[in-house]
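Asker: Have a look at this one.
The values are calculated or read from the model by the stated rules, or taken from the named source; none is laboratory data. These numbers come from a predicted model, not from an experiment. Counting neighbours? That spans all protein chains shown, and the Cβs are built from the backbone with ideal geometry, glycine included. Surface areas here come from the heavy atoms of the whole protein model, side chains and all, with no ligands, DNA or RNA. Shrake-Rupley method; radii C 1.70, N 1.55, O 1.52, S 1.80 Å.
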Amino acid sequence: MKRRPADPRDRMHHVAMAARRLFVEQGYHRVSIPDIVNVSGVSTGAIYNHFQSKENLARVTHELTLDEFNARLQARLADGQSAFQMLKAFVDLLLEIAEQDPVMMEYMLFMRHGEFLTDIRPICFSEPFRWVQRTIGEGMARGELRRGVLLLAAGAFTGAVLRNIELKLNGVFQGSLQAASRQIMDQAWRTICA
């Protein structure tokens, strides 16, 4: 028998993470509340009492995922870091998540959130990715990075990293992303450095 967390907040976080995994594996529209009940071990009544609907559960799952990513990123940053150091912290976090929590990474990369959460912006407009744009903009202003269209520079940088992660998640790249972090960062950095 599955053990579920006793604390109501932990239990609802557990439900949201079970939902996230199911959304990644099956797609949002193919997942039902009974599916989430089966995976989480939390009753239908408790899920509806806390989340009210599958859409609201999806919204909470989305917010928790982005909040977790942003908190983990902020914990890696320190005052006075160069653009390179800050962006490397971002890349290292992405690679770590891709290997240690591939469901979270697949959720952020592949889910079409706008299909079921129509009033939210895509992940690329979320705080962590706006932070990348700000960091690159500040690097451009300090002369560390080549001047150009900020959105395109941020897209080139993150694209170089995310494509490698996609290769890993799809089973094409068999090695360790974390072991290849220096090469991945070097390739991404070259797309924007001065």
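Asker: How long are the semi-axes of the ellipsoid equivalent to segment 27-100, from square roots of 5 times the Cα gyration tensor eigenvalues, in whole Å, largest first?
Answerer: 35, 13, 10
Asker: Quickly estimate the mean residue ellipticity at 222 nm for the chain, helices only: each DSSP H run with n ≥ 4 gives -39500 (n - 2.57), and the total goes over all residues, rounded to 500.
Answerer: Working: 9 runs with 131 residues, N = 194.
Dividing the helical sum by the residues of the chain leaves -22000 deg cm²/dmol.
Asker: With all protein chains present, calculate the accessible area of residue 101 using a 1.4 Å probe and round the result to the nearest 10 Å².
Answerer: 40
Asker: Tell me the relative contact order for the chain as a rounded percent, counting alpha carbon contacts under 8 Å between residues six or more apart.
Answerer: On the way: 167 pairs, mean separation 39.0, N = 194.
Relative CO of the chain lands at 20 percent.
Asker: Treat each spin label as a single point 7 Å out from the Cα along the C-beta direction, and report the residue 64 to residue 112 distance in nm.
Answerer: 2.5
Asker: Relative contact order for segment 74-180: what percent, with Cα pairs under 8 Å and sequence separation of 6 or more? Working shown, then result.
Answerer: Details: 59 pairs, mean separation 32.2, N = 107.
Value for segment 74-180: 30 percent.
Asker: Accessible area of residue 54, 1.4 Å probe, to the nearest 10 Å²?
Answerer: 40
Asker: Using a Gaussian network model of the chain with C-alpha springs under 10 Å, which one of 178, 74, 52 is most mobile by mean-square fluctuation?
Answerer: It is 52.
Asker: Here's a follow-up. Find the accessible area per residue for the chain; the probe is 1.4 Å, ligands and nucleic acids are left out, and the unit is Å². The partial results should precede the final answer.
Answerer: Working: 10290 Å² over 194 residues.
Result: 53 Å² per residue.
Asker: With r defined as the distance between the Cβ atoms of residue 142 and residue 77 and R0 fixed at 25 Å, what FRET efficiency is calculated, to the nearest 0.05? Before the final figure, lay out each step's value.
Answerer: Working: r = 16 Å, r/R0 = 0.65.
That gives a FRET efficiency of 0.95.
Asker: Using a 1.4 Å probe and counting only protein heavy atoms, arrange 190, 146 so the residue with the most accessible area comes first. Don't jump to the answer; show the numbers that get you there.
Answerer: Values: 190 150, 146 115 Å².
The most accessible residue leads, giving 190, 146.
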